[in-house]
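Enquirer: Got a structure for you, questions after.
All of the numbers you see were taken from the coordinates with simple rules; none came from a lab. Because the structure is predicted, anything quoted here is derived from the model rather than measured. Virtual Cβ from ideal backbone geometry, glycine too; neighbours counted across all protein chains shown.
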Amino acid sequence: MLKTSVVQTTIKRETWASRIGFIFAAASWSIGLGNIWRFPYITGQYGGAAFLLVYLAVAVVMGIPLMIVEYHLGRESQSSPIAGNIKLTKNKIWQLGGIFGFIGGLMIFSYYVMIIGWVLRYTVSFLTGTFRGQSMEAISLWFDSLYTNTGVTLIYEIIILAVLGVIVARGLVKGVEAVSKIAMPAMVVLFAGLAIYALTLPGATEGLAFYLKPDFSKLSFKAVIAAIGQVFLSIGVGQGASWVYGSYLKKDDDIPSDISKVVIMDTGFAFLAGLVIFPAAFAVGVQPDAGFGLLFKTMPSVFATMPGGSIIGIIFFLGTLIAALTSAIAFTEFLSSSIMDTFKMDRSKDRVKATWISIAVTFVLSLFSVMACGPMAGVKWFGMDMFSFFDVVSANIFLILSGLIMCLFVGWGIGFKKFKEQVNEGANRIKVENWWEPLLKFVVPAIIIINLIAANFF
């Protein structure tokens, strides 16, 4: 009896302490850097409110179903993606979904921590007044210098990794959930305050019009593909963390309702970020640009030239840092959980060990991206530097394939009827209905395949 008891303790898996804790943790995972710099820009680029309608349609038709699928597979397997898929099926094809998700998530995490390090560096710089009175050209050169400065990047990245290690090593409830319950409201409050301030600036209405005025002439096939890609990147489909977070759910937890709330919160925060960025940028006569330029060049220039900009810059980058860190917490938990499940480690005894192993692995892999920005910039993989290679391959191949296989697995592998019964266990207001069957078997896979082809061949 004693031996049996020991075994049971060893295999026991943690669960979320509260429903609100799970929702905040899941939302904090989905809300990241892509919500702040990418969503607002492409919304403005592809017709403002017109694009927003397309994005919302894609989020409802594809995003919510895929998220429900991934969290459901996590709950059913009670394990991380690779080990979980092995539990759920012996079919090697279906098992590839977990493998692709693990590889894609690991690749993204390896360069994501580098970018968070840059965000921390900017937060410190605004705190110390580095950008006060600086021109856009000077700030642009400052970032270019940071981008290539391997030593400084590694220092700030190590700080980020240390923070992540301490949080995740504390456990699911005391670490991940506890931090998420504080961080999620903090992000919303900070950005809501920034939005109110930005909307009061002279000329803010022009930026608001650029962001929200519907321009259906800018809608195109390219805009639809951009919306599909943004849904994948924003809500976190196929990156492993959603699967792991789902594995901590209990059988009576309401997956359809809770995940719908998470997607709404993710979209709402992205929209809120746009209410900060565009009014502020247009108020000082700066045209927002895409990518890293928006986050690390344009916005610091905006804050440097506006009244009270130093304080606003601190708040903006602090909020951005929190958003980035909470996503990174999920990545760390995903990786450490995968290590524990794969090697059948005792979660109560070996969590700390697994966490710091995951931190070490991430650091080693991140060196490829860090070095690609500096001394190894000339080294090319398939015509790309290593940073770009990790970014493109993970987003355009592994995440998409992982999402596609998971969707086909519940539609054809498990069978829709069985999936419906399982996922609706604990569901109340929102449930998977029979009309979901053609959605998961045909519509969503078709959308994913179109995105896969467009992302890699056009």
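Enquirer: Where in the stretch 390-432 are there trypsin sites (Lys or Arg not before Pro) that are in a DSSP coil and have at most 10 other Cβ atoms within 10 angstrom of their Cβ? Show your work: numbers first, answer last.
Expert: Details: sites: 417, 418, 420, 429, 431; in loops: 429, 431.
When the trypsin sites (Lys or Arg not before Pro) of the stretch 390-432 are filtered for loop state and at most 10 Cβ neighbours within 10 Å, 429 remain.
Enquirer: May I pose another question? Need one number: nm distance between label points at residue 93 and residue 173, each 7 Å from Cα along Cα→Cβ, rounded to one decimal.
Expert: Distance between label points: 4.3 nm.
Enquirer: Going 7 Å from the Cα of residue 205 toward and past its Cβ, which residues in the stretch 20-62 have a backbone nitrogen under 19 Å from where you end up?
Expert: Under 19 Å, as judged by backbone N against the label point of residue 205, lie 49 of the stretch 20-62.
Enquirer: Can you give me the distance in nm between label points at residue 449 and residue 250, each placed 7 Å from the Cα along the Cα-to-Cβ direction?
Expert: It is 4.2 nm.
Enquirer: Among residues other than residue 303 whose Cβ falls under 14 Å from its Cβ, what is the net charge (Lys/Arg +1, Asp/Glu -1)?
Expert: Values: positive: 132, 297; negative: none.
Surrounding charge for residue 303 is +2.
Enquirer: Given Cα pairs under 8 Å that are at least 6 residues apart, what percent is the relative contact order of the stretch 290-405? Walk me through the numbers before you get to the answer.
Expert: Working: 48 pairs, mean separation 13.4, N = 116.
Answer for the stretch 290-405 is 12 percent.
Enquirer: Straight-line reach from residue 417: which lysines have a Cα under 18 Å away, not including same-chain ones fewer than 8 places off?
Expert: Those lysines meeting the cut-off are 251, 431, 441.
Enquirer: Arrange the following residues from fewest to most other Cβ atoms within 10 Å of their Cβ: 452, 295.
Expert: Numbers: 452 18, 295 24.
So the ranking, lowest neighbour count to highest, is 452, 295.
Enquirer: Once you have the Cα-Cα distance between residue 127 and residue 213, take 0.36 nm times their residue separation minus that, and quote the gain in nm to one decimal.
Expert: Between residue 127 and residue 213, full extension yields an extra 27.4 nm.
Enquirer: Check the straight Cα-Cα distances from residue 218 and name the lysines below 29 Å, setting aside those fewer than 8 residues away within the same chain.
Expert: 297
Enquirer: Hey, another quick one. Fewest Cβ neighbours within 10 Å first, please rank 373, 407 accordingly. Intermediate results must be reported in sequence, preceding the final value.
Expert: Working: 373 20, 407 26.
By the 10 Å Cβ count, ascending, the order reads 373, 407.
Enquirer: Relative contact order (percent) for the stretch 13-457, with alpha-carbon contacts under 8 angstrom and 6 or more residues of separation?
Expert: Working: 715 pairs, mean separation 151.8, N = 445.
The normalised contact order for the stretch 13-457 reaches 34 percent.
Enquirer: Using packing as a proxy for protection, rank 13-25, 392-404, 91-103 so that the peptide with the highest average count of other Cβ atoms within 10 Å comes first.
Expert: Values: 13-25: 17.8, 392-404: 22.2, 91-103: 20.5.
Descending packing order for the listed peptides: 392-404, 91-103, 13-25.
Enquirer: What list of ³J(HN,Hα) values in whole Hz, one per residue of the stretch 160-171 in order, does the Karplus curve 6.51 cos²θ - 1.76 cosθ + 1.60 (θ = phi - 60°) give from phi, with Gly and Pro shown as x?
Expert: Once rounded to whole Hz, the list reads 4, 5, 5, 4, 4, x, 5, 5, 5, 5, 6, x.
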